[in-house]
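Step one of this worksheet: look at the structure below.
The values are calculated or read from the model by the stated rules, or taken from the named source; none is laboratory data. Please read these numbers as outputs of a predicted model, since none were measured by experiment. Note: ideal-geometry Cβ built from the backbone for every residue, glycine included; neighbour counts use all protein chains shown. We work out accessible area using only protein heavy atoms, side chains counted, and drop any ligands, DNA or RNA first. Shrake-Rupley method; radii C 1.70, N 1.55, O 1.52, S 1.80 Å.
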Amino acid sequence: MISRIIGLTLFILLSPLFFLFLLIIYIDDGFPILYKQKRVGINNSIFWVYKFRSMKKNIPDIPTHLVNNPAQL
């Protein structure tokens, strides 16, 4: 219970910073702002993790060392 209270308190305190990240990502590359990733937890239960997107949209799904000119990404 205490961890949820601490988490909620931190979320409220950091929300201005989250809003700044949201605004920067939107101005730089538009929507979607969040990235959703499937993870496996305890007892092989599946859950979703939401993160701020740090990569550009429409990037090819290949390793960067195989790209001829990474600067174009």
Residues of segment 40-64 being open to solvent by 100 Å² or more (accessible area, probe 1.4 Å), over 10 Å from the mean Cα position of the chain (by Cα), modelled with pLDDT of 75 or more and of a type outside the set (A, V, I, L, M), in sequence order, are ASN43, ASN44, TRP48
Just a yes or no: is a residue in segment 2-14 among the basic types (Lys, Arg), within 13 Å of the chain's Cα centre (by Cα) and exposed (fewer than 10 other Cβ atoms within 10 Å of the Cβ)? no
If we keep only residues of segment 17-39 that are in a helix (DSSP H, G or I) and open to solvent by 90 Å² or more (accessible area, probe 1.4 Å), then the residue farthest from SER54 (Cα to Cα) is PHE19
